[in-house]
Each structure stands twice: as structure tokens, then as C-alpha cells.
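Just below is one structure, and these are the notes that go with it.
Just so it is clear, none of the values below were taken in a lab; they were calculated from the coordinates. As the structure is a prediction and not an experimental result, all values here were calculated from the model. No Cβ is skipped: glycine too gets one built from the backbone with ideal geometry, and neighbour counts run over all protein chains shown.
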Amino acid sequence: MSRGRLSRRLATLTSVGIGAIWLLAVFSTALVLKYEQEELLDLHLQESAELFLPVLTERWRNRESGIEPRSDSHYNPEEALVYLLVDRSGRIVLQSPSVADADLPALPMRHGYLSTATHVFYATEFNREGFSVVYGDPKVERRDAYMESFVAFLLPILALLPIAYFIVGWVARAGLEPLNRLRDEIAERGEGQLDPIDARGQPEELAAITAKINGLMVRLGQALAGERAFATNAAHELRTPVAVALAQVQRLKIEAEGVDPERIERIEAALQKMSRLVARLLELARSDAGLGVSAEQHDLKKLLGHVLEDSLRDPARAERLKISLPDQTVPAPIDPDAFAILAGNLIDNAFQHSPAGTDVSVALSRDGSLRVTNDAPRLEDRELSGLTRRLYRARNSGGGFGLGLHIADAISRQSGGKLTLRSPVPGRDSGFEAVFKAPGA
Amino acid sequence: MRILLVEDETDLAQAVADHLRMAGHAVDCAATLDDAYAAARTVSYAMIVLDMRLPDGDGLKFLHDLRDRRDTTPVLIATARDRITERIAGLEAGADDYLVKPYDLDELLARVGAILRRTESDRAPERLFGSLRIEPSVRRATVDGDDVSLTRKEWAILDCLSRRPGQTFSKGELEDVVYGFGEEVESNAIEAHVSRLRAKLGKRAVETVHGFGYRMGQGR
């Protein structure tokens with residue numbers, strides 16, 4: 001998991017958590033607020049109604065005595081307010097003009113509050129004249145006021161959330177810094193470097209992980225050393241008995257009388273095949289043991305010269321070999337044995353799979369790429385991609401073991417270089433080309 | 001020729017010794033480094049066939065000791081150590097050739113023969129390549145009996161090539177022979193010397209191994 005993802009995940013989750021808590025807080029505040037607001041408005045309604053009672057009673061008296069006109073249309077302090085002046089029988093004696101739009105309570109209404117579909121009503125007690133005021137407050141107004149204060153709470157919080165996200169992201173990155181350091185330390189470990197990671201200054205959880213990793217690396221180091229030791233000793237253990245058998249058989253061919261020479265030659269041929277197989281298996285063991293990188297630079301031209309010597313000494317190969325080497329040295333950070341195995345396998349492979357008598361060219365360029373080409377028949381793309389599989393044998397494999405290109409590919413990857421196989425050779429309609437680009441090239 | 005065979009695997013040593021004897025060589029066998037030191041001290045061998053991994057030590061140390069004593073007896077390393085770094089270490093320690101087990105007895109014989117011929121020609125008063133005659137002791141080269149005048153660098157190249165006929169030398173190796181340490185080498189210098197050698201000794205006196213280097217050819 002990359003640094004970006006882990007800290008982003010933390011920031012997102014924490015921000016979502018903060019958002020949820022804030023929303024809960026806003027809703028509970030809003031509920032309390034609503035209750036308090038209602039209480040306040042109810043009180044206000046009651047006070048207004050009780051203030052209104054003598055005023056309306058007075059107005060009724062004046063109208064009865066003809067001082068004021070019957071119509072109450074011009075008296076309109078608050079358009080939306082609804083009031084009724086009722087007597088003990090529930091008869092309306094005076095009412096506000098807006099009564100038509102309101103859902104009125106059943107009259108006579110008892111002293112106290114009552115909520116209808118549109119309004120909250122308050123009925124006062126009857127006064128000495130026997131009147132009561134039923135005073136209504138529109139619910140729409142209450143809802144609007146309530147919504148306004150709710151939105152006023154919510155908006156700043158919505159604006160704060162993105163800021164919180166960035167702050168939490170920054171905090172998460174800073175908090176995960178030890179994890180990044182550990183990751184970098186692990187990334188540095190590899191083939192050549194398996195020394196323990198320094199756990200000082202690490203948080204407790206990471207120190208535990210580091211201790212585990214260090215333990216694993218010690219065991220890995222031992223396993224790799226064991227594998228390398230095997231690959232080294234195995235050379236002696238496997239090559240010596242084959243050498244004894246081959247030498248003895250070759251002497252037998254000369255000294256033995258009365259033995260069918262063809263049978264001895266068959267044993268000899270089998271031993272020679274075994275000797276080639278042993279060589280390949282040793283190379284495989286070495287590539288499995290992680291041969292490849294080197295901290296030091298080695299001259300590929302000098303190494304290739306040594307590798308080519310075997311082919312130049314073989315008269316059957318020497319005349320087919322076309323070599324091109326640069327004038328300068330070609331330094332590259334690759335293990336010399338790894339490069340020799342790789343180059344040797346590419347060259348052997350080129351000879352193994354080319355028609356008799358055709359050229360095999362080996363070219364090393366100044367920038368550290370080794371190009372080995374032959375005149376093999378063109379390969380299908382499918383065959384080409386299978387060539388580096390272990391024990392894969394192409395058509396007309398010519399008695400190979402199916403290990404050479406697999407070993408070359410493994411070593412190339414371990415060394416940090418790049419091996420490219422092509423068929424046909426670019427610019428031609430047949431042939432096979434292997435190009436190894438050395439690391440650091 | 002008397003050859004010392006240092007090999008602890010007796011079945012292999014016996015077969016190799018038989019094969020060398022069949023080719024007319026006298027062979028002494030040593031199965032340990034101690035035996036090898038004792039034999040090399042008492043007898044002057046024409047060459048030594050040396051295994052690397054011996055019960056009492058490393059053949060490479062024997063080779064270093066030999067060269068430290070300025071003993072130039074040719075050494076052919078015949079070992080199971082197959083890594084290129086081990087081969088380079090052996091050759092740099094002063095081995096004349098390096099053969100990896102298992103090897104063909106005939107291949108071993110051919111390499112032994114090549115080394116012996118080479119040392120013989122090193123000691124021989126003259127080397128003959130067709131009409132070209134080289135006399136190393138007096139630094140003289142003649143073609144059809146006529147003296148050819150050579151510069152110091154041309155002589156160094158001719159001496160190097162003719163000392164090991166059949167072996168190909170890279171330009172780099174020839175530069176090492178011609179120029180001293182730290183001396184500046186102009187590019188194409190070796191090509192220029194070789195083309196002058198050909199002009200003086202005949203076109204075929206030095207053969208080009210394309211892309212790799214040069215080897216000794218024949219005089220006019």
C-alpha cells in the first residue's frame with residue numbers, strides 16, 4: 001500500500017467521522033433549539049392574547065354603542081395574525097380579516113393552547129364581560145424561523161469539512177512518517193543487502209514489525225548463503241565424478257579390445273550430454289541463489305572476451321562467429337559470473353538453433369548492450385513468449401535442455417538489466433535476436 | 001617432455017596420465033599440494049597440469065608461489081571451478097591456460113601440446129612463418145633472407161603475435177604490450193602499426209580476426 005493511499009484513507013475516514021459527529025451535534029442542537037423556540041413563541045402568543053383581550057373587549061363595547069364602525073377591516077396590526085373574540089357560548093363576536101385562510105379550532109375552545117393544521121392557537125380565560133380571545137400564530141412563520149436558524153448552524157460546518165479533510169490529511173502524513181521511513185529501509189534491502197533495519201526511534205507497533213522483518217532477513221540471508229554454498233560445492237561434487245567417468249571411458253575406447261567401440265561411444269556421448277546438463281543446472285542453481293547485481297563496475301568487454309574464447313577455440317564455431325567489440329572498456333554494475341553465464345547462454349543458444357554453416361554474430365556496444373543474432377527460421381510470437389519458460393523447448397530444439405534462455409532471463413532480471421528476444425531480426429525476414437541491456441546502461 | 005600432474009582424484013589422474021604418456025610425455029603424479037611442492041623443487045618440469053581443489057590446500061596458492069619464485073614453468077589449470085571469475089583469477093595468477101572439468105582427454109592433450117610448442121618456440125632461436133624468419137634473441141626479422149627494419153613498437157607487436165601463433169590478440173592486449181603503463185595511446189595506433197608491418201613483411205603476415213583483433217599469419 002502506498003503512502004498516498006494510506007494517509008488519504010485515514011484523512012477520508014477521519015473527516016467522515018468528524019462530519020457525522022458534527023451533524024449529530026447540529027441535529028440535537030436544532031431539536032433543543034426548536035423546543036426552546038416553541039416555548040418562547042407560545043409564551044409570546046399567550047402574552048399577546050391576554051394583552052389583546054381588553055383591547056378587543058373595549059372595541060366590541062364601542063361598536064355596540066355605535067362609536068366605531070362595525071367593520072374591523074382597517075384595524076390590521078399584523079396581516080398574518082388570526083384573532084377571534086368569542087363569548088361563553090362560542091359565538092364569534094369579533095374576528096380578524098385573515099380568519100378565512102386559517103384552519104380554526106372548534107369553538108368554544110377551552111383555555112390554553114391548541115394546534116390546528118395552519119396555526120397554533122391560545123384561548124384566554126373569560127373576562128368579567130364574558131369574553132375570551134382566541135389568538136393564533138401561523139405555523140409557517142415558526143417553521144421558517146426554525147429553518148433559518150438550522151441552516152445558520154449547518155452552513156459554516158459544511159464549509160469547515162474540506163478544511164478539516166486537509167488538516168487531517170496533513171496530520172495523517174506526519175503521523176505515518178515512521179512508516180514511510182520503514183518502507184524506505186525495506187526498499188533498500190535486496191540481493192546484496194540483508195543487514196538488520198535499525199529499530200531505534202520507531203513507534204512500538206513498527207518496532208515489533210521491524211523485529212519480525214529482521215528475523216526473516218537473517219533467515220533469508222542464511223538460506224541464500226546456503227544456496228550459494230551449495231551452488232559452489234556442487235560444481236566440484238557434480239563435475240568431478242563426470243570427469244572421472246568421461247576420462248575412464250575415453251581411455252577404455254583406446255585400450256579395450258573385443259568391446260564394441262560403438263557402445264563405448266554411446267556411453268561417452270551420454271556422459272558429454274550429462275556434463276552439459278550439469279553445467280546448465282549449476283548455472284540454474286546460481287541464478288536461483290540470486291546471482292546478478294554488483295556494487296562494483298566490471299568491464300563487459302573483457303568478460304565477453306573470456307566467454308568468446310571457448311567458441312573461438314572450437315573450429316566448428318570459430319569460422320561462423322562474427323564478433324564486434326568497441327575499442328573502449330564497457331563498465332557496468334553487474335556480477336561478472338552472472339554476465340558470463342548470461343552471455344554464454346545467449347551464444348550457445350544462437351549456435352544451437354541456427355542452420356549449419358550460417359553466421360552467429362555477437363556485438364557489444366559502448367552503452368553496454370550485448371546483441372546476439374543468428375539465422376534461425378522465423379519464430380511465431382507465441383513461441384517467442386514461451387522461450388524464457390523453464391524447460392521450454394522450441395521446435396527443432398536441437399537437443400537443448402530448455403534452460404539456457406530461462407537462466408539468461410532470470411539473471412537479466414536479477415541484475416537489473418533487460419533482455420529482449422525478437423524474431424525475425426529487425427530489418428530481415430528471418431533470424432533470432434537476443435539483446436541484453438546491462439544495468440546502468 | 002616431463003609433465004607434473006597435480007590431481008587428487010586418482011581415477012582421473014590415472015586416465016589423464018595414461019593419455020599423456022600415450023602421446024609420448026613422461027608424467028609424474030602428485031595427489032597433494034605437499035607432493036606437488038616437493039616434486040616441483042626437485043625436478044624441472046616442461047609443464048604442470050594443476051587441479052585447484054586439493055585435500056591440503058588451494059592450487060591457486062601453489063601457482064602464486066611458483067610465480068613468486070620467478071619459476072616460469074607453464075601451468076595448465078584443470079579444475080571443476082567453472083566460474084569466469086575463477087578462470088580470470090587463475091589466468092591472472094600466471095596460468096597459461098584454463099580447462100574446466102569434465103574435459104575430453106584429447107582436448108587436454110591438444111592444450112598441453114599447444115603450450116609446449118609455444119614455450120619451445122619462445123626458447124627457439126628462430127620462428128618460421130613461410131618466408132618470414134624471426135630471430136628473437138637478436139631482434140631480427142628477415143623475409144626471403146632480406147633484413148627488414150622494424151621500429152620498437154612494430155617489433156613488440158610482431159614478437160607478441162609470433163610467440164603464440166594461432167592465438168588471437170585484441171587491440172587492447174596489443175596496446176598493453178606496446179605501450180607502458182600510463183603512456184598515452186592514440187586511437188587507431190595499433191591499426192597503424194599493423195598496416196606498416198604488413199607493408200614491410202607482406203599482406204598476409206598479420207591476419208585480422210574481424211571485430212576482435214589480430215593473429216600471426218604467414219610471410220610473403
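So the values come out like this:
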| quantity | calculated |
| --- | --- |
| Percent breakdown of C-alpha pair distances by 10 Å bin, ordered from the shortest bin, for the range B:1-124 | 13, 51, 34, 2 |
| Estimated dipole of chain A in Debye, rounded to 20 [Cβ of Lys and Arg +1, of Asp and Glu -1, Cα centre] | 1960 |
| Among A:Ser28, B:Ala95, B:Met1 the positive-end extreme of the charge dipole of the protein assembly as shown (Cβ point charges) | B:Met1 |
| Simple Cβ-charge dipole of chain B, Lys/Arg +1 and Asp/Glu -1, about Cα centre, in debye nearest 20 | 1060 |
| Spread of Cα-to-Cα distances over 5 Å intervals beginning at zero, given as percent, for the range A:226-305 | 3, 13, 17, 14, 14, 13, 9, 7, 5, 3, 1, 0 |
| Beta bridge orientation in the protein assembly as shown: antiparallel %, DSSP, nearest 5 | 75 |
| Projected-area average for the range B:109-148 over all orientations - Cα convex hull basis, square nanometres | 3.0 |
| A:Arg428-A:Ile267 pseudo-label distance in nm [points 7 Å out on the Cα-to-Cβ vector] | 4.3 |
| Fraction of alpha-carbon pairs over 22 Å apart in chain B - percent | 57 |
| Cα-Cα pairs of the range A:70-225 separated by more than 18 Å (percent) | 74 |
| Linear extension gain, B:Lys200 paired with B:Thr42, 0.36 nm per residue minus alpha-carbon span | 52.2 nm |
| Charge sum, other residues only, whose C-beta stays under 15 Å from A:Asp327's C-beta, Lys/Arg counted +1 and Asp/Glu -1 | -4 |
| Residues whose placed amide H lies under 5 Å from that of B:Leu99, excluding near-sequence neighbours | B:Ile77, B:Ala78, B:Thr79 |
| Helical mean residue ellipticity (222 nm; -39500 (n - 2.57) per DSSP H run of 4+; nearest 500) of chain A | -19500 deg cm²/dmol |
| The protein assembly as shown: equivalent-ellipsoid semi-axes (sqrt of 5 x gyration tensor eigenvalues, Cα, Å) | 106, 28, 24 |
| For chain A, with +1 on Lys and Arg beta carbons and -1 on Asp and Glu, the positive-most of A:Leu342, A:Gly416, A:His119 along the dipole | A:Leu342 |
| Sum of -39500 (n - 2.57) over DSSP H runs of 4+, divided by residues of chain B (222 nm, nearest 500) | -13000 deg cm²/dmol |
| Global form of the range A:156-272, assessed from the alpha-carbon gyration tensor, a/c cut-off 1.5 | prolate |
| Distance in nm between pseudo-label sites at A:Ala20 and A:Val259 (7 Å out along the Cβ direction from Cα) | 8.5 |
| Overall dimensions of the range A:331-441 by Cα: Rg and Dmax, Å | 13.2, 37 |
| Reachable lysines from A:Lys34, criterion Cα separation under 27 angstrom, eight or more residues apart if same chain | A:Lys139 |
| Rel. contact order, % - alpha carbon contacts under 8 angstrom, at least six apart, chain A | 10 |
| Lys/Arg +1, Asp/Glu -1 at C-beta; the protein assembly as shown dipole; positive extreme among A:Leu271, A:Val99, A:Phe153 | A:Leu271 |
| The range B:100-194: C-alpha gyration tensor shape, a/c 1.5 cut-off, then a/b vs b/c | oblate |
| Distance violations [Cα-Cα > 20 Å] among A:Lys273/A:Lys437; A:Lys418/B:Lys101; A:Lys302/A:Lys437; A:Lys322/B:Lys203; B:Lys153/B:Lys200; B:Lys171/B:Lys203 | A:Lys273/A:Lys437; A:Lys418/B:Lys101; A:Lys322/B:Lys203 |
| For the range A:17-159, alpha-carbon Rg and Dmax in angstrom | 19.2, 70 |
| Pairwise Cα inverse-distance average, inverted: Kirkwood Rh of the range A:159-216 (Å) | 13.1 |
| Kirkwood hydrodynamic radius of the range A:307-374, from inverse mean 1/r over distinct Cα pairs, in Å | 12.6 |
| Contact order normalised by residue count of the range A:312-372, Cα under 8 Å, 6+ apart, percent | 46 |
| Cα gyration tensor, the range B:1-51 - rounded (a/c under 1.5), prolate or oblate | oblate |
| Separation of alpha-carbon centers, the range A:108-159 and the range A:192-209, rounded to whole Å | 69 |
| Percent of Cα-Cα distances greater than 19 Å, calculated over the range A:215-272 | 52 |
| Other-chain or far-sequence residues with amide H under 5 Å of A:Val120's (modelled H) | A:Asp137, A:Lys139 |
